[in-house]
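The values are calculated or read from the model by the stated rules, or taken from the named source; none is laboratory data. Quantities reported herein were computed from a predicted structural model and do not represent experimental measurements. Methodologically, a virtual Cβ is constructed for each residue, glycine included, from the backbone with ideal geometry; neighbour enumeration extends over all protein chains shown. Side chains included, ligands, DNA and RNA excluded: accessible areas come from the protein's heavy atoms. Shrake-Rupley method; radii C 1.70, N 1.55, O 1.52, S 1.80 Å.
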Amino acid sequence: MKREAQNLLQKVDEKSEKCTVGCPILDRNLNGGIPTKSITEVVGESGSGKTQICLQLVLSAQLPPSHGGLNGSSLYIYTEYPFPIRRLKQLSLSLLSSHPNHLLSSSDPLSRIILRGISSAENFVELLPDIELCLRYWKSRLLPIRVIVVDSIAALFRSEFGNCCFDLKRRSSLFFKISGGLKSLAERFGLVVVVTNQVVDFIEGNESVRIGNFSELCSSGRRVCPALGISWANCVNSRIFLSKDQTGIKITRFSSLVFAPHLPLSSSQFVITEKGLFGVENV
Amino acid sequence: MEIGMLPISASKRGKLLAAGYTTLHSIATTSITHLATDIEVSESEALEILNFATRNSALERSSGSNTNVIQGGQTAWDMLNEERFSSSITTSCADLDNILGGGINCKEVTEIGGVPGIGKTQIGIQLAVNVQIPLDYGGLGGKAIYIDTEGSFMVERVLQIAEACIEDMSEYSHHFHKDNQAYGVKMHPNSILENIFYFRVCSYTEQIALVNYLDKFVTEHKDVKIIIIDSVTFHFRQDFEDMALRTRLLGEMSLKLMKLAKNFSLAVVMLNQVTTKHVEGSFQLTLALGDSWSHSCTNRIILYWNGDERHAYIDKSPSLKSASAPYSVTSRGIRNSTSSSKRIKMV
């Protein structure tokens, strides 16, 4: 099967489409937002804002490109129950109030978000062909699916794989299967794919391999590393680390770029309010 | 007379005969300096005559005369001469170019591996831009093929690096050719983009099909001077029920790439990932695809973090010394590291 070489000039016209995360300050560090046709990983400890940013993304995706969106619906695959439907509703009201006339469709933004729960990694692999059918079906609709969120990938792998070589190999090949499948869909349908991941505590004395712009990642006052190891790190194109530090009632949150093929190192502070997740301008 | 076959001037032919060179074989087996002194020509002219002679003497092998090359073979002497004119592609980092002996070499397959975020794709893009540096500026003036298996290739980044490369070239021409107006840089970032043939493959079958197709493609685009595969590993790390099949497929693919490099005199750069290998109870970091894959490349470079600095280490090479050099990834692309302790370490 031959492929015609796409001269890059043609690609430049398509440009690298990006989807806003719902905040111009965070978008700036990402040079416009989350790119299509690649997998972006958002990693952080529980409560750091991963799900918040994903919920905000699937709503912003419905905005037109003039406002940073993709005029697209989203597929949200969740692995941790229950799905925060009330928070999603709250955020959708905030979106409607800040962009009253911009949404292409007049129906409820919630009708443009497809939810699917899955319970295991093999389950996910079996689901990939169905996802493709779903994408094809939506391609001709008013707002085709342009975003896939997997929240979280770590939960699929934490329980059923032991620590012996055989299990680790099996786990590792599932990483590549899932990532390969998602990347192929992302390329063919021009999708934004965001995957969230958890962190594990860093154990002193263990040999650790540095990945990315920061020699260590800290959250809640302790050193952490993203779960699922180097193999999974090889499967994503970009990685964003969300950290949180709490002293008393004050919570400080940072979003840092660990690695990305098109972005330099950056870090920005953000807050989570009832209206959503927003970057804070540097003082 | 065989000397008559040589496409050289009559006076040179006369000098050859006068010096006692009556057969092509006698010329082919002498050294440049001897030839130059014997017939009183410059060394470069002597080299030219030598090349003609060796090429033509190889043609008369079937007659069984004292030939020392077999069909399709070459003497090491010929190869040395060819290598003198062989070219390399700069990485834009002087330290890295130094340990590589000038840059990434044509006619060779170089594998570059490292952890995520160390700069493999960045080096790939830098090479795809640098191969296009015109001959006037010490480059190859060639085109690039970029095979993207992971989706890490971002056009905006290529534009950034291309613009920086053009700026550097005009600075260079400003310095060295102040008086020569003809050296104005005529390159535009868009033309750099046009000369990178980009392929995106989404499965291992597509990857193999594409590598098989490259022979035809490069024959039609003779000015391609580098093929970059980013990364060669990704699609092969999924479940292969038959590992023997995987080894066979990888072996065939690497053989094809080596042939492409040799036949078309271009550089092949394969980017690879790292994985952990279970060795004697502990886990060691190693390049993916296994031990048998390590034979598929001519040179192997490993990228790693040394504190806060990125380093490149020559892990395997038939002709380069084991050494490591620091480099950095900047908004303009790959450049020298800015740390004050920048020294090339010989291992």
(request) Starting from the eigenvalues of the Cα gyration tensor, five times each then square-rooted, give me the equivalent ellipsoid semi-axes of region A:131-273, largest first, whole Å. (result) 29, 22, 14
(message) Based on the alpha-carbon set only, what is the convex hull volume of chain A divided per residue, in Å³?
(response) 160 Å³
(message) In whole percent, and with a 1.4 Å probe on the protein chains, what portion of the accessible area of chain A is carbon and sulfur?
(response) 53 percent
(request) At a 1.4 Å probe radius, which order do B:Lys222, B:Lys143 fall into by accessible area, largest first? (result) B:Lys222, B:Lys143
(message) Compute and list, largest first, the equivalent-ellipsoid semi-axes of region B:81-336 from the alpha carbon gyration tensor, each √(5λ) rounded to a whole angstrom.
(response) 30, 21, 17
(message) Loop-only trypsin sites (Lys or Arg not before Pro) in region A:188-275, please: DSSP not H, G, I, E or B, and at most 15 other Cβ atoms within 10 Å.
(response) A:Lys275
(request) Return the sequence-ordered ³J(HN,Hα) values of region B:324-330 in whole Hz as given by the Karplus equation 6.51 cos²θ - 1.76 cosθ + 1.60 applied to θ = phi - 60°, using x for Gly and Pro. (result) 10, 9, x, 8, 9, 9, 10
(request) May I ask you to evaluate 6.51 cos²θ - 1.76 cosθ + 1.60, the Karplus curve with θ = phi - 60°, for each residue of region B:229-241 and list the ³J(HN,Hα) values in order in whole Hz, giving x for glycine and proline? (result) 10, 10, 9, 6, 7, 3, 6, 9, 9, 7, 4, 10, 4
(request) Only Lys, Arg, Asp and Glu count, each charged at its Cβ (+1, +1, -1, -1), so figure out the dipole size of region A:223-280 about its Cα centre, rounded to 20 debye. (result) 80 debye
(message) Rounded to two decimal places and with Rh computed the Kirkwood way over Cα pairs, what is Rg over Rh for the protein assembly as shown?
(response) 1.05
(request) Place +1 on the Cβ of every Lys and Arg and -1 on the Cβ of every Asp and Glu in the protein assembly as shown, take the dipole about the Cα centre, and give the residue among B:Ala46, A:Pro264, B:Val129 whose Cα lies farthest towards its positive end. (result) A:Pro264
(message) Let me spell out the model: positive unit charges on the Cβ of Lys and Arg, negative unit charges on the Cβ of Asp and Glu, origin at the Cα centre of the protein assembly as shown. What dipole size does that give, in debye rounded to 20?
(response) 1180 debye
(message) Using each residue's phi in region B:161-171, evaluate 6.51 cos²θ - 1.76 cosθ + 1.60 at θ = phi - 60° and report the 3J(HN,Hα) Karplus result to the nearest Hz, with x for Gly and Pro.
(response) 5, 5, 4, 5, 5, 5, 4, 4, 5, 6, 5
(request) May I ask which residue of B:Asn336, B:Asn212, B:Ala94 lies farthest towards the positive end of the charge dipole of region B:81-336, with charges of +1 (Lys, Arg) and -1 (Asp, Glu) on Cβ and the Cα centre as origin? (result) B:Asn212
(request) List every residue whose amide H lies under 5 Å from the amide H of B:Leu285, counting only residues 5 or more places away in sequence or on a different chain, with H placed 1.01 Å from N in the peptide plane. (result) B:Lys277
(message) Give me the one-decimal Kirkwood hydrodynamic radius in Å for region A:109-172, with the sum taken over alpha-carbon pairs.
(response) 13.9 Å
(message) Ordering B:Glu156, A:Glu17, A:Glu126 by accessible area with a probe of 1.4 Å, largest first, what comes out?
(response) A:Glu126, A:Glu17, B:Glu156
(request) Name the residues whose placed amide hydrogens come within less than 5 Å of the amide hydrogen of A:Ile240, ignoring near sequence neighbours (fewer than 5 apart) on the same chain. (result) A:Glu41, A:Val42, A:Val43, A:Val258
(request) Could you tell me the total accessible area buried at the B-A interface, probe 1.4 Å, in square angstrom to the nearest hundred? (result) 3900 Å²
